[in-house]
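Asks: Here it is, the structure, as structure tokens.
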Amino acid sequence: MKNSLYYLVTLLLIALIGCKKPQNTSSVITLSENTVEYATGFSIHPYDGYSVVKITNPWPNAGKEFTYILKSANGIVPDSLAKFTQINVPIKSIIATSTTHIPSLEMLGVENTLVGFPQTNFISSPKVRALIDQKKVKEVGDNQSLNTEIIIDLQPDLIVGFGIDNNNPSLDNLQKSGLKVLLNGDWNEKTPLGKAEWIKLIAALYEKEDLADSIFKNIEKEYLSTKKLAAKAKKKPTVLSGSMYESQWYLPSGESWNAQFMRDANSNYLWSTTKGTGSLSLSFETVLEKGINAEFWIGPASFTSYSEMTESNPHYAKFDAFKNKNIYSYSSKKGSTGGVIFYELAPNRPDLVLKDFVKIFHPELLPDYELYFFEKLK
């Protein structure tokens, strides 16, 4: 009887062990808390040994999302996530495709992992320019036609691309060649702090999340304190923006990040109530009628002098901001090879952009601050 009982218990144990599923199963996983606060185009969900990254808005009205698994050394990724692109972190080499990716690499101290970039002349960062001069960063074509032969030869751990729409044959071919591609949609964010928070995505690739949190919190603190300071201004100056291109005047829509800067700087951007996050396209007459008496003119495209403007279109001189020499541009501050510093660094440093706006509109609030990105037209 005793032996029969042991036999029965042994059979039950064997049956139970046989039925027990391994830890690495296809069970459904509930996403952990998202560590991203302001950005709406991506999320990071950390787990022990890996993170799930979702890119939800890689291009305007994308209608699809991309999931990536960032796997740490010795991390165990559940079978349920095996269908997604897996990236082993920390990565050791990267090809970036937008100058907006460069400041994140530099702020995290990993710019020396950059091995390739399309049209390197656009890069203004002195540190990365030094790497380019030392031939440590290869030219890999241009964004519309990446040189797949050079990229395959470089064998980077990761290519960080971006999409204008769902059609990017160069990136598709690189993935078919076995290379890992991650889409970055920072340019598609709607708010200044949302754009800056994309540093957390780059940091996750290098397992430098704590450093990125510290950097971002400081930027957030400076931005919000500057916004609070601007709210103390007693006057709200009127502002126009943009300039003519061919037969249309392009200027920021009311829900764009540029309009948000002007709003947070306590100014009255004359098109702040319009819809959309991109640019408005208006006739010269429409802009003249509304903006002729505007006190300030911000961002007149690539113009850097009043003479350039009137040579292009003498009617620019009809605006009060032109007559009173109150036009400010970001196009005059460039890197050593001609890249506009604003385009590269401003998305990562919205606190400096906002301080520039407050200095322009309310100079009494920041008496000792010197403009970083903008400059008064000459």
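Asks: Could you run through region 222-248 and say how many residues are touching a residue at least 40 places away in the same chain (Cβ under 8 Å) and assigned to a strand (DSSP E or B)?
Replies: 7
Asks: Select from region 249-283 the residues that are aromatic (Phe, Trp, Tyr), open to solvent by 20 Å² or more (accessible area, probe 1.4 Å) and either over 27 Å from Ala233 (Cα atoms) or not in a helix (DSSP H, G or I) (or both) and list them in ascending order.
Replies: The answer is Tyr250, and nothing else.
Asks: Within region 152-176, can you find the residues that are farther than 16 Å from Ile87 by Cβ and either open to solvent by less than 70 Å² (accessible area, probe 1.4 Å) or without any contact (Cβ under 8 Å) to a residue 40 or more places away in the chain (or both)?
Replies: Ile152, Asp153, Leu154, Phe162, Gly163, Asn167, Asn168, Pro169, Ser170, Asp172, Asn173, Lys176, listed by residue number.
Asks: Considering only region 283-301, how many residues are in contact with a Lys or Arg (Cβ under 9 Å, 6 or more places away or on another chain) and not β-branched (Val, Ile, Thr)?
Replies: Number satisfying all stated conditions: 1.
Asks: Taking interchain pairs and intrachain pairs at least six residues apart, which have beta carbon atoms under 6 angstrom, with the first residue in region 104-120 and over 18 Å from Gln134 (Cβ atoms) and the second basic (Lys, Arg) and open to solvent by 10 Å² or more (accessible area, probe 1.4 Å)?
Replies: What qualifies is Leu108/Lys208.
Asks: Going by the structure shown, is Glu308 open to solvent by 60 Å² or more (accessible area, probe 1.4 Å), assigned to a helix (DSSP H, G or I) and more than 30 Å from Thr120 (Cβ to Cβ)?
Replies: Taking the combined requirement at face value, the residue does not satisfy it.
Residue by residue, here is whether (1) under 18 Å from Asn268 (Cα atoms); (2) surrounded by fewer than 21 Cβ atoms within 10 Å (Cβ to Cβ); (3) touching an Asp or Glu at 6+ places or on another chain (Cβ under 6 Å) holds:
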site: Ser312; (1), (2), (3): no, yes, no
site: Lys323; (1), (2), (3): no, yes, no
site: Gly335; (1), (2), (3): no, yes, no
site: Ile341; (1), (2), (3): no, yes, no
site: Val353; (1), (2), (3): yes, no, no
site: Leu365; (1), (2), (3): yes, yes, no
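Asks: Contact list please: Cβ distance under 7 Å, first residue in region 251-279 and in contact (Cβ under 8 Å) with a residue 40 or more places away in the chain and of a type in the set (A, V, I, L, M, F, W, C), second residue in a helix (DSSP H, G or I) and open to solvent by 10 Å² or more (accessible area, probe 1.4 Å), pairs at least six apart or on different chains.
Replies: Trp257/Lys195; Ala265/Phe361
Asks: Using beta carbons and a limit of 6 Å, which pairs, at least six apart or on different chains, have the first residue in region 202-221 and among the basic types (Lys, Arg) and the second one open to solvent by less than 10 Å² (accessible area, probe 1.4 Å)?
Replies: Lys208/Leu108
Asks: Only one residue in Ile202, Ile215 is open to solvent by 10 Å² or more (accessible area, probe 1.4 Å), of a type outside the set (Lys, Arg) and either modelled with pLDDT of 95 or more or closer than 30 Å to Ile94 by Cα (or both), so which one is that?
Replies: Ile215
Asks: Go through Ser104, Ser145, Ser125 for me and flag whichever is surrounded by fewer than 18 Cβ atoms within 10 Å (Cβ to Cβ) and either polar (S, T, N, Q) or more than 20 Å from the chain's Cα centre (by Cα) (or both).
Replies: Answer to the check: Ser145.
Asks: Kindly indicate the residue of region 285-301 that is assigned to a loop (DSSP other than H, G, I, E, B) and of a type in the set (Gly, Ala, Ser) and also most open to solvent (accessible area, probe 1.4 Å) among those meeting that condition.
Replies: That would be Ala301.
The values are calculated or read from the model by the stated rules, or taken from the named source; none is laboratory data. Note that this is a predicted model, so its numbers are computed, not measured. Positions of Cβ are backbone-derived with ideal geometry, glycine not excepted, and every protein chain shown enters the neighbour counts. Surface areas here come from the heavy atoms of the whole protein model, side chains and all, with no ligands, DNA or RNA. Shrake-Rupley method; radii C 1.70, N 1.55, O 1.52, S 1.80 Å.
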